[in-house]
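The values are calculated or read from the model by the stated rules, or taken from the named source; none is laboratory data. Being a predicted model, the structure only gives us computed values, none of them experimental.
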Amino acid sequence: MTQIAELDRQIDEKKRQLESVHGRDTEIYTRIVGYYRSLKNWNKGKKEEFKERRTYEVERSLADAPVPQVLHAVAAEANPTPVAENGSPEGASTFIFFYRNTCPNCPAMKLALSAAPIDGSHVDVDSDEGFELARRYEILSTPHVVFLSDADEEVWRSGDPIQVRGVFTAEELAG
C-alpha cells in the first residue's frame, strides 16, 4: 500500500470514529439564593425563574466609555424606573438597604448606594429586628434596597448593585 493510500485509509477511519462520538451532558452551575448549585438540582419554580433571567451586554460603543457612563447606559436599558432631577428614583426620599455580613454582593450595593443623593438606613437581616423588617418588606435575598417616599410607600426596589448605581444620573456618578 502506498503512503498516500495509507493516509487516506487513516483519514477515513478517523471520520468514521468522529461520526460516532457521543459527549456527556453539560452541567450548568449558577447562583441561587446566595450560593452556586447545579441547575439540574433546582426545584421546578427556580428552573422557571432561571428561564426568565435576562443578561445584559454593554454595547461596543460603550466599551471604552468611563464606568459611570457605562453603568448609566446599562441601567437605563434594564430599568424603566423614572428618575427624578436629584438622581434618585422618582418620588423616593429615603431607602432601606438589606444586607448580610457574609453576602458577597453586599459591598458592591453599599458602594452603589454611596452615590445616592438621598439618605437611607442599612439593615442587617441576620439580626432579629433586621429579619423582621426584611420579612415585612418580603425581602428574600441580599443585597436588596427598597426606596421609599415621604409617606413610607415603596417607590422602587432592586437587588442588583449595577442597576441601583445606574439609577443615579451620570453627573451624580461622575461626582
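Where in segment 94-175 are there helices (runs of 4 or more DSSP H), lying wholly inside it, with at least 3 residues that are of a type in the set (D, E, K, R) and on the phi < 0 side of the Ramachandran plot?
128-136
On the basis of being modelled with pLDDT under 90 and assigned to a loop (DSSP other than H, G, I, E, B), does residue 81 make the cut?
Yes; evaluated as a whole, the condition is true for this residue.
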